[in-house]
Each structure stands twice: as C-alpha cells, then as structure tokens.
Amino acid sequence: MSAATTIKALGNTAIVIAAVVACAVAALMFVPGLLGFDRYVITGASMSGTFERGTLVLERQVPVSDLEPGDIITYLPPAESGLSELVTHRIVSVEPNPDGSGSLVFRTKGDANATVDPWTFTLADVVQPRVEGWIPAVGWAFIALSAPGIRMLAIGVPAAVVALLFLRDLVRTSRRRDEEAPAPADAASTALPVEHPSPALPAAAP
C-alpha cells in the first residue's frame, strides 16, 4: 500500500470517527429532551447495585398521584434534611398527609443504604420525574460536557476535522480535473507564398 493510499485511508477513518463523535454528542445533548425525558447523572453511591456512579438516568414526568412504592424518583429533600442537592432514591412508602390537605407523604431509601431516609416529604408540583430507564457510565460524558471548554472541544474539533478533510478532497478533485482536461490545440501556422524571381534573360552579345 502506497503512502498516499495509507494517508487517504487514515483521513477517511478520521472523518468517520469525527462524525460518530459529533453525532453521539448531539444525541446525548438533544435526543432525550426531544423524547420527553429529563436527564440526571448519578454522582453518589447510595444507589449502588442499581445505579453506579456516572449512570445517566432518564426520567419522565408523571402525576404525583401515580407514584407508588418501588418507583425511583429524583427530588430535592426537605430543608430539615440538611441536603441542598437533588437525590435519586426509591420510594418505600406513600401515605395520605395527616393534615387533611389531600397531599401525599413520601419516604425514600437508597438501595445501597442500610436504613430508610430519616425524613418524609411532600411534593409541591402535580407532576414528578420518575426513572424510566438508565445508561451506565454515560453520565461521565455529561459531567465533562458541563465544562464550557470541553463542550466546545467535543463539538468544535470533530466539526473542524470534517471541514478540513472535506476541503482537502475538494482541492484534490479540482486538481484532478485540471490534469485530465485536454490541452488546447496549437494554432495553425500560416505561410505566405514565396515568389520565385524570374530568371534573368541572357545579355545580348555585343
């Protein structure tokens, strides 16, 4: 295999890889939302065995009244819990609120925790994200993409590679066409007729 063929093969491979990376990034960023899913990344160990760190969980909004024990939800614990970040835990009990308001009181537990969460809570909204599916390890990509610089590199570098390789092929095609174009015909030479001088008459003898 010649060097030119090897370089061309590597270039084509780079185009494919860049296209796959660009499509994967776009899919991770936009497709779940278009399908109606909320996305959350598991960063703790309380759900180990079900979700490991770095798992991307996909959740769909459902009516709070549809929630039942066994469902996994992502929510903000009550202020008295001392936590200020979202938690993804499994519902272990659902009870009517004793204040007679008609709301529901929930208790949750992390699958890897030995005991239930020490708080109960109500949900203010009429809908709540509930886990419908998950993708292991993909969440690490979202964590990386949350940094603006990495996000720009992940999108910009593959796009730049594709653009440069496309430009290279365009230049090569243009050169090939120039080389294959027929050369212009030489202009025909024109010749003027040569007038032969009349032979001299012999001089008369004296």
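Based on what the data block shows, is residue 41 in contact (Cβ under 8 Å) with a residue 60 or more places away in the chain and in contact with a helix residue (DSSP H, G or I) (Cβ under 7 Å, 6 or more places away or on another chain)? Criteria met by residue 41.
Given the criteria acidic (Asp, Glu) and modelled with pLDDT of 75 or more, does residue 178 qualify? No: the conditions fail for residue 178. Looking at the stretch 49-63, which of the residues that are buried (at least 17 other Cβ atoms within 10 Å of the Cβ) and aliphatic (A, V, I, L, M) is nearest to the chain's Cα centre (by Cα)? Within the stretch 49-63, the match that is nearest to the chain's Cα centre (by Cα) is 56. Taken over the stretch 111-139, the criterion of being over 28 Å from residue 24 (Cα atoms) and of a type in the set (A, V, I, L, M, F, W, C) is satisfied by 112, 114, 116, 119, 121, 123, 124, 126, 127.
Put simply, of 51, 37 the only residue that is aromatic (Phe, Trp, Tyr) and closer than 16 Å to residue 86 by Cα is 51.
Quick grid of which residues meet (1) of a type in the set (Phe, Trp, Tyr); (2) touching a residue at least 40 places away in the same chain (Cβ under 8 Å); (3) surrounded by 11 or more Cβ atoms within 10 Å (Cβ to Cβ):
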site: 69; (1), (2), (3): no, no, yes
site: 75; (1), (2), (3): yes, yes, yes
site: 80; (1), (2), (3): no, no, no
site: 85; (1), (2), (3): no, no, no
site: 91; (1), (2), (3): no, no, yes
site: 94; (1), (2), (3): no, no, yes
site: 99; (1), (2), (3): no, no, no
site: 104; (1), (2), (3): no, yes, yes
site: 109; (1), (2), (3): no, no, yes
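Condition first: modelled with pLDDT of 95 or more, of a type in the set (Lys, Arg) and surrounded by 15 or more Cβ atoms within 10 Å (Cβ to Cβ). Can you find one or more residues in the stretch 34-48 that meet it? Scanning the stretch 34-48, I find no residue that is modelled with pLDDT of 95 or more, of a type in the set (Lys, Arg) and surrounded by 15 or more Cβ atoms within 10 Å (Cβ to Cβ), so the answer is no.
The values are calculated or read from the model by the stated rules, or taken from the named source; none is laboratory data. Quick caveat, the model's predicted, so the values are computed rather than measured. When we count neighbours, we look across all protein chains shown, and the Cβ atoms used for this are built from the backbone with ideal geometry, even at glycine.
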